[in-house]
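One structure is given below, encoded as structure tokens.
The values are calculated or read from the model by the stated rules, or taken from the named source; none is laboratory data. These numbers were taken from a predicted model, which means no experiment stands behind them. Cβ: placed from backbone, ideal geometry, glycine included. Neighbour counts: every protein chain shown. Heavy atoms of the whole protein, side chains included, go into the accessibility calculation; ligands, DNA and RNA do not. Shrake-Rupley method; radii C 1.70, N 1.55, O 1.52, S 1.80 Å.
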Protein chains: 2
Amino acid sequence: MPVKNGDFIKLEYTGKIIETGDIFDTTNEELAEEKGIFSDKKTYGPISIIVGGGHVLKGMEAELEGMEAGEEKTIELAPEDAFGERDPSLMQLVPMSEFKKQGIKPQVGMAITSEGNTGIIRSVSGGRVRLDFNHELAGKNLEYQVKVAEIIEDDTEKVKSMIDLHYPNPNLDSEKHQVTIEDDKVIIAMDEMAKFDQRPYMDVTMARFRIARDIQENMDITTVEFVDSFVKKEEVEESTEEEVSTEEVPEKLTEEETKEE
Amino acid sequence: MPVKNGDFIKLEYTGKIIETGDIFDTTNEELAEEKGIFSDKKTYGPISIIVGGGHVLKGMEAELEGMEAGEEKTIELAPEDAFGERDPSLMQLVPMSEFKKQGIKPQVGMAITSEGNTGIIRSVSGGRVRLDFNHELAGKNLEYQVKVAEIIEDDTEKVKSMIDLHYPNPNLDSEKHQVTIEDDKVIIAMDEMAKFDQRPYMDVTMARFRIARDIQENMDITTVEFVDSFVKKEEVEESTEEEVSTEEVPEKLTEEETKEE
């Protein structure tokens, strides 16, 4: 069965700028290392996406439709199907004196952040610095080598694929997520380690919202529940009680401190 | 029915140091303000506790047993039933020069933190500073005025009382927590606002762990589940769109006006 809109798939890809031949992104770890674009913040290997879910470029999604599992293909994307055309109004000429004020020695290729936007210095001449705030890939023709590594058919695996996509965490083991589907409801009990996430709870909620939305829009599911379960441990009661008393004493101490100041 | 060990109760109290007559803690907001010990980090009003749960001093718990709902009582606690005897080894003599090194001018009553412990300066004389690392209430005889405001009988209210105790948050409405009890399992869906907690997930987990532990030890409950539910929104798209457009018109007008000036 060829890939169609709404399918959950695992995708491998490598993206190249046609004009320069530079590889700028890949799911292949060895290739990333070889090309000097490896990042330890990225997870390598096939990524899980929904075709039509907006997880990759729209232009790429269109090309994925009709491909078979295991099939490889080279896709060419013109700027309008990728990162857009270059916008001349995003080029700025800044007097050299501005940089001197801030103690920066401008050099071609240097990235400068201004009001939250990042620009690249394109030229320095005549006391003026030309800054480019266009997306690095704007105006470029791109070539993607893509492979549909797998078309996910199993509903549980579909749910897990969206957890992998939106909740990337090297401490979590996808095998340990428990997914239960009851009619139009999915119940997700994530790997226990998820409970010890240091991120603000609100950020976790946003990730869960994205997982739920993708599942609801692409499966026959209305409700997505995330469950944290605490099951009574037999034994160990004594040590638990001890913990409480040692915990409470410093808390009171802290209060006293505040008062005295 | 008099209060017994394991009961969930709502408690009002005011604690006084017998030696000095100083009130150091109270659940009564007006009294806290009157006595100059009000803290905006504290929630006032009756607190929910389990008798024998270690939420208040062991000495107080013993005295609460046998009281009736609505009953008031004055409790006297000797140091060994409250914050312990004073430990002479927690007094330290520190040369004045140590303080000078750190640019501190030691004064009686000043709180000093050293290696995570807080001590109070008791005296400064002969080039020596006497630091006291005992708990402020160690060695004190305490008098508590207590009132059993309510004995909680309803299981749902028992669960909610532990949420109130361990998960204090002014943005949450206890009425909006949904508590479902099925045999030996409690399912808690907290007020939606809980999803937007800014605290690290791990801190939320610790609060949930305490709620679960207290419920498991004092009710016929084995499993406590916390559920965050995401339900697909019905597609009332048209009315939503209208709302957006009427909102946007005046906004744009304002922008134009500003431009024209």
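Structure summary
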read-out: Test for B:Glu234: is it closer than 22 Å to A:Glu225 by Cβ, modelled with pLDDT of 95 or more, exposed (fewer than 12 other Cβ atoms within 10 Å of the Cβ) and within 14 Å of chain A (Cβ to nearest Cβ); value: no
read-out: Sole exception among (1) open to solvent by 40 Å² or more (accessible area, probe 1.4 Å); (2) more than 29 Å from B:Asn5 (Cα to Cα) for B:Thr222, by number; value: (2)
read-out: Candidates A:Met67, A:Met60 - the one that is over 20 Å from the mean Cα position of the chain (by Cα), open to solvent by less than 50 Å² (accessible area, probe 1.4 Å) and under 28 Å from A:Met219 (Cα atoms); value: A:Met67
read-out: Within the stretch B:167-204, tally of residues that are outside any helix (DSSP H, G or I) and either under 16 Å from A:Ser229 (Cβ atoms) or not assigned by the TED database to the domain that holds B:Ile221 (or both); value: 12
read-out: Filter result (in a loop (DSSP other than H, G, I, E, B) and under 14 Å from B:Tyr144 (Cα atoms)) within the stretch B:1-19; value: B:Ile18, B:Glu19
read-out: Matching residues, the stretch A:191-218, being open to solvent by less than 20 Å² (accessible area, probe 1.4 Å) and more than 7 Å from every other protein chain (Cβ to nearest Cβ); value: A:Asp191, A:Ala194, A:Ala207, A:Ile211, A:Asp214, A:Ile215
read-out: Qualifying positions in the stretch B:110-128 - among the aliphatic types (A, V, I, L, M) and within 13 Å of chain A (Cβ to nearest Cβ); value: B:Met110, B:Ala111, B:Ile112, B:Ile120, B:Ile121
read-out: Filter result for A:Lys140 (over 32 Å from the mean Cα position of the chain (by Cα) and in a loop (DSSP other than H, G, I, E, B)); value: no
read-out: Residue within the stretch B:47-61 that is part of a loop (DSSP other than H, G, I, E, B) and either more than 23 Å from B:Tyr167 (Cα to Cα) or of a type in the set (S, T, N, Q) (or both) present; value: no
read-out: Flag for A:Glu30 being open to solvent by 40 Å² or more (accessible area, probe 1.4 Å) and outside any loop (DSSP other than H, G, I, E, B); value: yes
read-out: Hits in the stretch A:131-164 - residues which are open to solvent by less than 30 Å² (accessible area, probe 1.4 Å) and modelled with pLDDT of 95 or more; value: A:Leu142, A:Tyr144, A:Val146, A:Val148, A:Ile151, A:Ile152, A:Val159, A:Lys160, A:Ser161, A:Met162, A:Ile163
